[in-house]
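Just so you know, all these numbers are worked out from the coordinates, no wet-lab data involved. This is a predicted model, so every value here is computed, not measured. As a convention, Cβ positions derive from the backbone with ideal geometry for all residues, glycine included, and neighbour counts pool all protein chains shown.
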Amino acid sequence: MNAALAGELRRAPRERRAAVPEISVVIPHLNQPAALAACLAALGRQTVAAERFEVVVVDNGSMPLPTHVVSSLPEVHLACEPEPGPGPARNRGVALARGEILAFLDADCVPDPGWLAALLAAFAARPDTAVLGGAVRVFAGMPGRPNPAEAFDLVYGFRQQLTIARHDFAATANLAVRRAAFAAVGGFAGLAVSEDMDWGRRARLVGFPTRFVAEAAVAHPARGSMDDLRRQWDRHVGHYWGMQPKSFRGRAAWALRAAAVALTPVLEIPRILLSDRLHGPGQRLAVLRTLAVLRLYRARRMLAALAGPAARSPGWNR
């Protein structure tokens, strides 16, 4: 991309609209033009008046750039971030955004029509709240007929409320932050870590815990194959190993955790049997089988990390 075009795109958010929006939506993008188009169309259906929000799409190296997608919607602005990773792309979006509230979406998310209204209402009702995580509903390509990988993701994908309660962070597929809090916490990290986990825990440490708001919901497609699920766990294991102390005690704890992971599928049987996202014994059996395969795969990758670096998928949005 030439420097003149890059400069034009970076200036766009400040030149296209004089009024300052209340909330800025920041979306990192990499080679998902069809999904991005659906995401932007859903943002165009928000119940919040158009002048109250802006959208900043930050491309992270797509070939070609999604200019045809963004140009179809005059209130959406496009920028580019050369450093690989959704974290750096989000940081570029924050630098260009003008709203006092920053809302983060993945490019393949489809926000409910009331998503922005629910976020604004939640912040207004609780002025002491600085960080919100909204619900993420996973959906299959063919509703009611998920393949085994999709069925697994319907149960285990994006458990936002649980993640916030147990692990102190929300997935950046649906996260909103007051600008002042973001400045105090600092930006997102790069590909070497799980940037949403890292950011959420840093926010908690400086006094900004994440609060769950169910009314601010988005939909996200389920991962469609076992390869997709394995690549996801390659990334996670690599991130977690990078955060793990490498002392003898830390390595021993990691090995014990790997063994526990391999043994836990039986504990998940009640969750699978009672899930309202699955229908019929066939889907439930498929999820249990997929869970066992993935937990064994995850355990093997964890043990392999003890002998060397854990492999990670090079494509962050895959």
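Going through (i) 59; (ii) 63; (iii) 55, the figure that equals percent of Cα pairs over 23 Å apart as computed for the structure here is (i). Along the stretch 183-198 the Karplus relation, 6.51 cos²θ - 1.76 cosθ + 1.60 evaluated at θ = phi - 60°, assigns HN-Hα couplings of 5, 5, 7, x, x, 6, 7, x, 5, 5, 10, 6, 5, 6, 5, 4 Hz to successive residues, with x for each Gly and Pro. If the segment from Leu162 to Ala304 were pulled out straight at 0.36 nm per residue, it would be longer than the present Cα-Cα gap by 48.3 nm. Extending 7 Å from Cα along the Cβ direction at Val20 and again at Ala292 yields two label points whose distance is 5.9 nm. Estimated from the Cβ-Cβ distance and a Förster radius of 25 angstrom, the FRET efficiency linking Arg211 and Val266 is about 0.15. Per-residue Cβ neighbour counts within 10 Å put Phe53, Phe169 in the sequence Phe53, Phe169, beginning with the fewest.
The value of relative contact order for the stretch 226-307, using C-alpha pairs under 8 Å at least six residues apart, is 47 percent.
If R0 is 51 Å, the Cβ-Cβ spacing of Thr47 and Leu285 corresponds to a FRET efficiency of close to 0.80.
Karplus-derived 3J(HN,Hα) values for the stretch 238-245, using 6.51 cos²θ - 1.76 cosθ + 1.60 with θ = phi - 60°, are x, 5, 5, 5, x, 8, 7, x Hz; glycine and proline are entered as x. Look at the alpha carbon pairs under 8 Å that are at least 6 residues apart: their mean separation over the length of the chain gives a relative contact order of 18 percent.
Between Glu75 and Met63, the simple label model (points 7 Å from Cα in the Cβ direction) yields a spacing of 3.5 nm.
Rounded to the nearest 10 degrees, the angle from helix 86-96 to the longest Cα principal axis of the chain is 20 degrees. Ranked by how many other Cβ atoms sit within 10 Å of their own Cβ, fewest first, the residues Asp153, Asp168, Asp112 fall in the order Asp168, Asp112, Asp153. Length gained on full extension, Ala259 to Gln244: 3.8 nm, using 0.36 nm per residue less the C-alpha separation. Using only Cα coordinates, the Kirkwood hydrodynamic radius of the stretch 93-247 works out to 16.4 Å.
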